[in-house]
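Some notes on the structure that comes next.
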């Protein structure tokens, strides 16, 4: 039950995009089409889960015994960069279909702040291994959900008559404001 | 006077935040009050200037294929140093900004300037560019935070982060007329959208002025 509430709160109530404002660049960048939103979302779920498990193990088995906790930031960002590169190479070699679907989004993920945020929160919140797994799956799923909803709205916005100054990103941010309003009303559900 | 005006106009048109949409995650998240905005802004100015200097110094010995990881390590080291300094000397800022200090590593402005400017230019020019971009970023943060703080609480105040002594506090709007929603996510997105629209309106307007002349 506790794990479920952790999952639910990370997906909906404390949604990483709309309440923590992370991952704004992909939200504005790849939300023009639903297909690219889903591709980016899937790639983010995969990378966040993988790099979270990796950094968690690395932190508690290497950095803590050597009392090198202050190296966390440098280690994590390198692990993320290396992991993204590694996933790209593996996909390229073994699954051309998946690579074609996710390939172009992968390099962008290194600078997606959600990834670094999740790996840091796993440590600062003192999650157990199971909690860490649940949290690092739930957060990117929440990201993917918002990205998908956002892209369906933006596809229709293309046909709307928007004032000149608001064309492009400003109107998208207005949409985000309304969505944030909807999501803040979930507070208190659990 | 005219050069100051030009500088301001350029700052507005080539603004990294409202014009190029770089580093907007932290802009949206921490601009609840002036203190946070200045704390974040000064940290970014310091990191951006020093990272531009270092990257410009090593630009000739960095192999091209692995330049991005090298830049990221340089930036992460500087961010960690700043984080530890803030934790030691300004705990109030550390408590307010929290996880957003380590997240400066993935602030696109810093990597963006390293890649676009410092890796191709000399040390002095890179330092100046870092300072310039950092100031533009800080001014954007201050603009956002002033609007949000005044509308949400009606008060503008500044507290010295090192001693926790309030430097000044001005009440502009009586508390029964404030709009608390502006300190939350809705206000953040709304303020940002309107400021970005304003900047884009000025940009759209500019070429027409030149044609008229």
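See the values below:
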| item | result |
| --- | --- |
| Condition met for residue A:152 (more than 8 Å from chain B (Cβ to nearest Cβ), in contact with a helix residue (DSSP H, G or I) (Cβ under 8 Å, 6 or more places away or on another chain) and surrounded by fewer than 21 Cβ atoms within 10 Å (Cβ to Cβ)) | yes |
| When residues of the range B:24-43 are limited to those that are more than 11 Å from the chain's Cα centre (by Cα) and away from chain A (no Cβ under 14 Å), the one nearest to residue B:152 (Cα to Cα) | B:33 |
| Residue within the range B:183-202 that is within 14 Å of another protein chain (Cβ to nearest Cβ), farther than 30 Å from residue A:182 by Cα and in contact (Cβ under 8 Å) with a residue 40 or more places away in the chain present | yes |
| Total residues in the range B:182-205, condition closer than 16 Å to residue B:33 by Cβ and over 23 Å from the mean Cα position of the chain (by Cα) | 0 |
| Which numbered condition residue A:171 fails, given (1) within 14 Å of chain B (Cβ to nearest Cβ); (2) outside any helix (DSSP H, G or I) | (2) |
| Any hit, the range A:123-133, residues being modelled with pLDDT of 90 or more, within 18 Å of the chain's Cα centre (by Cα) and within 14 Å of chain B (Cβ to nearest Cβ) | yes |
| Within the range A:47-77, tally of residues that are within 21 Å of residue A:106 (Cα to Cα) and surrounded by fewer than 16 Cβ atoms within 10 Å (Cβ to Cβ) | 0 |
| Boolean, residue A:91 is without any contact (Cβ under 8 Å) to a residue 60 or more places away in the chain and within 16 Å of residue A:10 (Cα to Cα) | no |
| Test: residue in the range A:103-110 that is assigned to a loop (DSSP other than H, G, I, E, B), closer than 26 Å to residue A:10 by Cβ and touching a residue at least 12 places away in the same chain (Cβ under 8 Å) | yes |
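Here is a yes/no grid of residues against (1) outside any helix (DSSP H, G or I); (2) at the interface with chain B (Cβ under 8 Å from one of its Cβ atoms); (3) under 14 Å from residue A:23 (Cβ atoms):
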position: A:142; (1), (2), (3): no, no, yes
position: A:146; (1), (2), (3): no, no, yes
position: A:156; (1), (2), (3): no, no, no
position: A:161; (1), (2), (3): yes, no, no
position: A:179; (1), (2), (3): no, no, yes
position: A:182; (1), (2), (3): no, no, no
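The values are calculated or read from the model by the stated rules, or taken from the named source; none is laboratory data. Only a predicted model underlies this, so the values are computations on that prediction, with no experimental measurement involved. Don't worry about glycine lacking a Cβ; one is built from the backbone with ideal geometry, like all the others, and counts go over all protein chains shown.
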